[in-house]
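The structure appears right after this line, and notes come after that.
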Amino acid sequence: MKKYFKILALASMVFSFGSCLKDKNYDNGLTGIKLDNPPKVIELGYKFSLDKSQTLGLDFVNSVVDASLVTVRLAANDPATEDITVVLDTTGTGAIITTKGDSNFNRLPSLYSLPATGFTVTIPKGKREVDLLVKTNASLYNPSAVYGINFKLKSVVQSGYVLSGNFNSFYTKLGAKNQYDGEYSCEFTNYHPTANPGYIGTTQIVHLVTTGPNTNKIYWPLADDFAAPSLLNGALNYFGSQSPEYTFNSVTNVVTVQNAFPGAVTFYTMNPGFNSRYDAVNKIVYANWGYNYVGGTFSAATSREWTQKMTYIGPR
């Protein structure tokens, strides 16, 4: 019975407190928090995305294309009610690139052309965003280089807009990529007379990185180096001073491999009994190559050799 009265008393208190909150002016929107006119914020980046950077892989072909380096957005309830002119700033890019650890950084001063308005863009009336488009030709890029540029919001010409504090900078990396560039699953076996006489192997993730219109070097993320994954003495390892580079014949799809390490003294031979090729339909690379061959053929006594099947996964 006591519990019954306690519940009734509690219910009565809740009802009375709820009644106290009843405010006619609040209901009519005359008091309290009003969000009818939220701030109009200018941001950098994509809608509904927290990303503050992007990587552009441009086809390694001799053609001038439009590339979107950054998107400028109006974050508001409604599209722009007027043309909104936004000024961007790229000063300090070099320092930012250094902190990100990108090697061979280049600002591309002569490899892209800006529109007549330079780093000033306009979000058109009735729209929410605009891209900064530049014209560039990826065939002029150094395919082994990483290019980058960092944008910051500098100012808005029209009044009534706020520059975002959280999305006020955006970093874009650019690089040239041929059709073979990407991330691959590499099923391999390798041979060494003493370190792997059983010619066994495993599977590793590798990247084929563009070095020319039809050439790619193999990059092994686990080793953080341009190298072919190997099993040596029962453990994953690789040979120093070796950077295998794959050349693809665009007509016959024949694949050849050679050591592209600067100052290399070891050079490869393709196994003549294996069909090293590129399966363009399924995006699979088959390669069998090595060195210390005898008379141009594999020798169990002296040769080091790799047999690889690399299946494309997606962009790197």
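Things to note:
- Flag: G263 matches the condition of being without any contact (Cβ under 8 Å) to a residue 24 or more places away in the chain, of a type in the set (G, A, S) and under 19 Å from D225 (Cβ atoms).
- The residues on offer are T202, T210, T215, and the sole one that is of a type in the set (S, T, N, Q) and at pLDDT below 95 is T210.
- Filter pass, T136 being outside any strand (DSSP E or B) and either modelled with pLDDT of 90 or more or buried (at least 20 other Cβ atoms within 10 Å of the Cβ) (or both): no
- Contacts under 7 angstrom Cβ, first residue in the stretch 46-70 being surrounded by fewer than 13 Cβ atoms within 10 Å (Cβ to Cβ), partner in a strand (DSSP E or B) and hydrophobic (A, V, I, L, M, F, W, C), 6 or more apart: D66/L133
- Selected residue (only one of Y293, Y268, Y278 is hydroxyl-bearing (S, T, Y), at pLDDT 95 or above and within 27 Å of the chain's Cα centre (by Cα)): Y278
- Identity of the residue in the stretch 262-279, farther than 14 Å from Y291 by Cα and touching a strand residue (DSSP E or B) at 6+ places or on another chain (Cβ under 9 Å), that ends up surrounded by the most Cβ atoms within 10 Å (Cβ to Cβ): Y278
- Filtering P221, P213 for residues that are in contact with a helix residue (DSSP H, G or I) (Cβ under 8 Å, 6 or more places away or on another chain), farther than 22 Å from Y291 by Cα and of a type outside the set (V, I, T) leaves a single hit, P213.
- Qualifying position, being assigned to a strand (DSSP E or B), in the same structural domain as V61 (by TED's automatic domain parsing) and either surrounded by 17 or more Cβ atoms within 10 Å (Cβ to Cβ) or of a type outside the set (A, V, I, L, M, F, W, C) (or both), among F170, F188: F170
- Residues of the stretch 175-185 that turn out to be part of a loop (DSSP other than H, G, I, E, B) and polar (S, T, N, Q), as a count: 2
- Counting only strands (runs of 3 or more DSSP E) that sit wholly inside the stretch 219-316, those with at least 2 residues that are of a type in the set (S, T, Y), in contact with a Lys or Arg (Cβ under 9 Å, 6 or more places away or on another chain) and over 19 Å from Y199 (Cβ atoms) are 304-314.
- Single residue of N106, N62 found to be within 23 Å of the chain's Cα centre (by Cα) and modelled with pLDDT under 85: N106
- Residue within the stretch 85-92 that is modelled with pLDDT under 95, exposed (fewer than 13 other Cβ atoms within 10 Å of the Cβ) and either under 20 Å from the mean Cα position of the chain (by Cα) or assigned by TED's automatic domain parsing to the domain that holds K173 (or both) present: yes
- Residue that is nearest to I96 (Cα to Cα), among those in the stretch 37-57 that are touching a Ser or Thr at 6+ places or on another chain (Cβ under 7 Å) and of a type outside the set (G, A, S): K52
- Any chance K283 is out of contact with any Pro (no Cβ under 7 Å at 6 or more places or on another chain), modelled with pLDDT of 95 or more, on the phi > 0 side of the Ramachandran plot and charged (D, E, K, R): yes
- Lone unmet requirement of (1) free of Cβ contacts under 8 Å to residues at least 60 places away in the same chain; (2) assigned by TED's automatic domain parsing to the domain that holds S276; (3) not in a loop (DSSP other than H, G, I, E, B) for T194: (3)
The values are calculated or read from the model by the stated rules, or taken from the named source; none is laboratory data. If you're wondering where the values come from, they're calculated on a predicted model, not measured in any experiment. Note: ideal-geometry Cβ built from the backbone for every residue, glycine included; neighbour counts use all protein chains shown.
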